[in-house]
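Trainee: Encoded as structure tokens, here's the structure I'll be asking about.
The values are calculated or read from the model by the stated rules, or taken from the named source; none is laboratory data. The structure presented is a predicted model; accordingly, all values stated were derived computationally and were not measured. Glycine also receives a Cβ, built like all others from the backbone with ideal geometry; neighbour counts cover every protein chain displayed. Surface accessibility is based on the protein's heavy atoms, side chains included, excluding ligands, DNA and RNA. Shrake-Rupley method; radii C 1.70, N 1.55, O 1.52, S 1.80 Å.
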Amino acid sequence: MRGWCARWSGGGRGRLRWLAALLCWVALAAVALPRLQAPPSPRPAPPAPPARLLLQSEAAASTPALVTQALPATDTRVLTEDELRADAERRLPSLPLAYWHKHKDDKNKYYKKKDCAPFPSIYDLEFHNTYWQTLRASEGVFHLYGAYMDARNTSRIGPAVRVLAVHDRIKPTLATHCQLWFEEREAPVVVRNLEYKYVWNSKWGNYRDHVLQPYLLACVLPAEVRHLVPAPVSIVENPCDRATNNLRVHYDRPVPPTPRKEFAVCVKGLDFLHEDLSVRLVEWIELIRILGADKIFFYELQVHPNITKVLDYYRAQGAVEVTPITLPGGQPNLPGLQHMYLKKKTTHKRQMELIPYNDCLYRHMYEYRWLALLDIDEVIVPLEDEDWSGLMRRVLPLAVPAAGKPARSSYHASNLYFLDSLRHEHGWEEGVPRYMHMLQHVYRTRNFTKPGQYVKAFHETERVLALHNHFPLACLGGACSSYALETRHARLQHYRADCVTALSKSCGELRAQPVRDTALWRWRGPLQERAERALRDLAFLPPHR
């Protein structure tokens, strides 16, 4: 380049030659100047990224600092071991990970010893279908879902750990034992399981061996530890067996004791893989909250992505809690196939629904006075009061049992159908958004279903021992006693496409002479406003009218 510049500098070609020469020598200076400067002091090398992120960081590390380059928006967090354990315990509430990690190397806990009742390693437990742990006994198989400390004053057996399980026998006689582990004691306390409380009725079907049946086991705390709360519990056949299950004992009583809240709602496993009920779900959640539910506890099998979006929205507000659940044993959990199975095997489905219902009871019995077990197409509607609190204040004096009779365990509302086909016959309601399903459906059957059929109730958490979706199956302190709410005070409004299959013969009679009924419109204004706001937040509606 220097020779080229010299040729253009000589000779007599005039102003153009001088201009070209000047530009040429400026370019030479720009090239040579960096070589004459002292080399910069080396910068300290940045700390090496975690090995799992090296591949993602490679491009950024090789890019000059002066060049800005957009990076993929990936999650580069690396969780600590403590965070991983906390996340696993959140995802699997029955697993006592914190307790196990604290004592995994504690020889005083008999861990890895061959003595009687060694403390099992988390890695030696036998899991089935994610949320279930297993005991293979000499007479059948137990699949264990959850364990709960029951210290209610109404319990005649005193403090006990209740274990929710399914077992493939209808009349188990096998003696099983509970290995109870405490923070305050080195060795486990071993007691015999007191009972197999059958959470079903033999008249409802599936009453045969080798079909999984729901049970509630009871591990009564001996006198010397009644003031303590077990951390985990294992169910074994013989007292000294090495357990293949280890369940965290839930005890969610507030400390210090605080007054219980009034109402919570429990919803069985949602099974809507391909059915987008997101807008209807928003309307239902907002109505349930207006009527007085402090929180709604959902259990989830498989749902449409838009339903997940709705549940996440309300979970962020603290209004709902969502617990994933699977079917135990050899029942299918593959999405789609599971839905087909539950639709065909309706008795199996109803038996398995009792697991989330009773888990909801035992997880929240210290926090709420009343639990309602509802589906997302039904609601208990007070007819003379603004909300459920007002309804119960009205009803409690009327429901006082006669002398010598057991205390009330629940208060149930009679079932009234608001069928889709009745609305189709009468067109749309003006002034109500067409996407507001319940507000649009104002035609109902003239008559209620028969007394006791398809009712839903407010259950007294201090009294009920085992729940069915319509009635309590067992109660503390004696027999169950359910009070029928007068239909002038409240009713269950059930929004279905048509009558349930069991009522197919009488459905025509129920549908005859439908009645226009706008009782739900008492809450029309706030319900429309709250639902519309939520739907706009969720981007299901445009941001502005």
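Trainee: Once Rg and Dmax of the Cα atoms in Å is worked out from the coordinates, which option in (1) 24.6, 84; (2) 33.1, 130; (3) 26.5, 94 does it equal?
Mentor: Matching the structure shown: (2).
Trainee: For the chain, list the DSSP H helices whose alpha carbon atoms reach 18 Å or more along the long axis and whose average Kyte-Doolittle value is 0.5 or above?
Mentor: 15-36, 278-291
Trainee: Mind ordering 251-263, 144-156 by average Cβ neighbours within 10 Å, highest first?
Mentor: Averaged packing, sorted descending, gives the order 144-156, 251-263.
Trainee: Would you mind putting 356-366, 506-516, 322-332 in packing order, based on average other-beta-carbon counts within 10 Å, highest first?
Mentor: Answer by packing, highest mean first, reads 356-366, 322-332, 506-516.
Trainee: Sticking with this structure for a sec: Would you mind classifying the stretch 348-466 by shape? Square roots of the alpha carbon gyration tensor eigenvalues, ordered a ≥ b ≥ c; an a/c under 1.5 is rounded, otherwise it is prolate if a/b is larger than b/c and oblate if not.
Mentor: Here the stretch 348-466 falls in the prolate category.
Trainee: In 10 Å bins starting at 0, how do the alpha-carbon pair distances of the stretch 88-172 split up by percent?
Mentor: Result, from short to long distances: 14, 35, 39, 12, 0 percent.
Trainee: At a 1.4 Å probe radius, carbon and sulfur cover how many percent of the accessible area of the stretch 82-250?
Mentor: Carbon and sulfur atoms account for 47 percent of the accessible area of the stretch 82-250.
Trainee: Express the accessible area of the stretch 136-225 per residue in Å², computed with a 1.4 Å probe while the remaining protein chains stay in the model.
Mentor: 40 Å²
Trainee: Average projected area of the Cα convex hull of the stretch 355-425, in nm²?
Mentor: Answer in nm², one decimal: 7.5.
Trainee: Where q = 0.12, 0.13 Å⁻¹, what log10 of I(q)/I(0) comes from the Debye formula for the stretch 82-250, counting one point per Cα?
Mentor: Taken in order of the listed q values, log10 I(q)/I(0) reads -0.52, -0.62.
Trainee: Before rounding to the nearest 500, sum -39500 (n - 2.57) across all DSSP H runs of length at least 4 in the chain and divide by the residue total; then give [θ] at 222 nm in deg cm²/dmol.
Mentor: -8000 deg cm²/dmol
Trainee: Which lysines have a Cα less than 24 Å from the Cα of LYS203, not counting those fewer than 8 places away in the same chain?
Mentor: Excluding near neighbours in sequence, the set is LYS171, LYS268, LYS343, LYS344, LYS345, LYS349, LYS450, LYS456, LYS505.
Trainee: Could you tell me the center-to-center distance, by alpha carbons, between the stretch 219-267 and the stretch 136-157 in angstrom?
Mentor: The stretch 219-267 and the stretch 136-157 have Cα centres separated by 9 Å.
Trainee: Turning to a different aspect of this structure: What lysines does LYS102 reach when the alpha-carbon gap must be under 28 Å and sequence neighbours fewer than 8 apart in one chain are set aside?
Mentor: Reachable lysines: LYS112, LYS113, LYS114.
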